[in-house]
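In what follows, a structure is listed as structure tokens, so that the remarks can point back to it.
The values are calculated or read from the model by the stated rules, or taken from the named source; none is laboratory data. What you see is a predicted model; the values in this text were computed from it and never measured. Virtual Cβ from ideal backbone geometry, glycine too; neighbours counted across all protein chains shown.
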Amino acid sequence: PADERVDVDVVVIGAGQAGLSAAYHLRSSGFTAVGERDWERAARTFVVLDEAPSPGGAWQLRWPGLTMADAHGVHELPGMPFLVPDLSEPAARTVPYYFAQYEDAFDLHVQRPVRVTSVRDDEGRLLVESRSVERPEESVVFRARGLVNASGTWTKPFWPAYPGQGSFRGRQLHTHDYRTPEELADGHVVVIGGGTSAVQLLLAIAPLTSTTWVTRRLPTWREEEFAPEVGRAAVALVEERTRAGLPPQSVVSVTGLPLTPAYRAGIEAGVLVPRPMFSRITTTGVEWDREPTEPGWATGPAAVEATTLLWCTGFRAALDHLAPLHLRGPGGGIVMDGTTVVGDPRIQLVGYGPSASTIGANRAGREAVSRLRALLP
Ligand code: FAD
């Protein structure tokens, strides 16, 4: 059968924090969700498409050991309090439960599991091609006037390339696919990466297996409480990059890591003391050509045997479906003004760059809707 076509004012791609915030602001400015009663007669319409199996954005897919206490900065969505009675609960359960209630409370009619495969321009309209994940033969093309892209980063784990990587006979795992410490028990795990995930996974697995931590730069441990100025300064730095059309950097890479009691104990136990990046990967482990000279690095044997290489090397913005629009410039990123793509103001990117945090995603959702309302007559 031919693709079904649906005219709509705004398509929101993704129902994580950023997409739900945008949907909330669309709804509170009088837009009607596709699928709602009489939506075909409504003056202004929107639809939220999400490829995840259920409510929760990327949170539903994160490892079970990530508790609400670890994810201490999860901000509530606009218009509904987020009550967390038990901080030891997995974030992968608590946040999705809240998102499901939220979608119900505001009648957001999220369509899932539906994947957007491409967005292209067609004489002033955006053709958003979508496909059911469960029944790929079912596809719908939404013909939209504006787009809020809120597809996050989780579906695009980043694996850097190192010499010899293909020859390693053990297991290579990315944060994206990590589930429990037990899977890695009784081996030697080389953990690669300098962010929060690397630190948290090292502490989780260290009681069950020996570890080596490697990072490209010495970690910056932040002694003081996380002051709002620190967050604002970090966001401003990332915003400078996206304004200049450079690929965004993670906000955490700019703020440094908070020196919590658990992290301090990990440093004292020698678990959270990194070695610099290795020179190559071998069939059985990793090798260094030289010892670091700078103070702060751990030293060790020139070769380490490993059962697992755990890549905690982050994620990139999941924007492949926007490729037909050619938004990327010579800087390797997209030139942005706040949430607006400078080259095509019909397109708003939320949860991207400076707004890739739960609080940033909230604000970006509001800003994107106000920009689109100004743009769409
Ligand atoms: P997501 O939650 O990733 O939602 C994106 C949605 O889009 C997903 O449901 C996905 O299925 C869908 N999607 C993607 N591509 C398509 C497509 N082509 N078609 C249809 N749907 C699509 N931030 C904090 O503020 N505090 C924290 O404690 C914190 N902890 C974190 C811990 C980890 C391990 C990670 C990786 C991130 C953490 N962050 C934290 C960052 C934070 O999770 C995100 O920046 C924030 O939740 C914004 O979410 P989002 O809506 O942009 O993306």
Exercise. Of G79, G57, which residue is modelled with pLDDT of 95 or more and buried (at least 23 other Cβ atoms within 10 Å of the Cβ)?
Worked result: G57
Exercise. Quick check: is even one residue across region 198-208 modelled with pLDDT under 95, part of a loop (DSSP other than H, G, I, E, B) and surrounded by 17 or more Cβ atoms within 10 Å (Cβ to Cβ)?
Worked result: no
Problem set entry | Matching residues in region 284-338 - criterion: being acidic (D, E), outside any strand (DSSP E or B) and either touching a strand residue (DSSP E or B) at 6+ places or on another chain (Cβ under 8 Å) or at pLDDT 95 or above (or both) | D289, D320
For this session: Within region 317-343, track down each residue that is farther than 17 Å from A364 by Cβ and either among the hydrophobic types (A, V, I, L, M, F, W, C) or away from the ligand (no atom under 15 Å from the Cβ) (or both).
Result: A323, L325, H326, R328, G329, P330, G331, G332, G343
Problem set entry | Selected residue [hydroxyl-bearing (S, T, Y) and under 22 Å from A198 (Cα atoms)] from S21, S88, S54, S29 | S88
Exercise. Just to be sure, is F99 more than 13 Å from the ligand (Cβ to nearest atom) and either touching a His at 6+ places or on another chain (Cβ under 6 Å) or under 18 Å from A18 (Cβ atoms) (or both)?
Worked result: no
Exercise. Is it true that H75 is more than 10 Å from the ligand (Cβ to nearest atom) and touching a Ser or Thr at 6+ places or on another chain (Cβ under 8 Å)?
Worked result: no
For this session: Assess whether A185 counts as being more than 15 Å from the ligand (Cβ to nearest atom), under 27 Å from T284 (Cα atoms) and either surrounded by 18 or more Cβ atoms within 10 Å (Cβ to Cβ) or free of Cβ contacts under 8 Å to residues at least 12 places away in the same chain (or both).
Result: no
For this session: Please go through region 35-72 and pick out each residue that is among the β-branched types (V, I, T) and away from the ligand (no atom under 15 Å from the Cβ).
Result: T45
For this session: Given the conditions (1) in a loop (DSSP other than H, G, I, E, B); (2) within 18 Å of G300 (Cβ to Cβ), report the number of the one that W159 does not fulfil.
Result: (2)
Problem set entry | Set R125, R115: member being charged (D, E, K, R), within 19 Å of G19 (Cβ to Cβ) and touching a strand residue (DSSP E or B) at 6+ places or on another chain (Cβ under 6 Å) | R115
Exercise. Has region 210-226 got at least one residue that is under 17 Å from G270 (Cα atoms), surrounded by 14 or more Cβ atoms within 10 Å (Cβ to Cβ), in contact with a Leu (Cβ under 9 Å, 6 or more places away or on another chain) and polar (S, T, N, Q)?
Worked result: yes
Seminar exercise, completed: (1) within 12 Å of the ligand (Cβ to nearest atom); (2) touching a strand residue (DSSP E or B) at 6+ places or on another chain (Cβ under 8 Å) all hold for L173 apart from (1)
Exercise. Within region 166-177, can one find any residue that is outside any loop (DSSP other than H, G, I, E, B), over 25 Å from the mean Cα position of the chain (by Cα) and either of a type outside the set (S, T, Y) or surrounded by 15 or more Cβ atoms within 10 Å (Cβ to Cβ) (or both)?
Worked result: yes
Problem set entry | region 239-256: number of residues that are modelled with pLDDT of 90 or more and either surrounded by 14 or more Cβ atoms within 10 Å (Cβ to Cβ) or farther than 24 Å from G343 by Cβ (or both) | 8
Exercise. Can we say A204 is more than 30 Å from L375 (Cβ to Cβ) and without any contact (Cβ under 8 Å) to a residue 12 or more places away in the chain?
Worked result: no
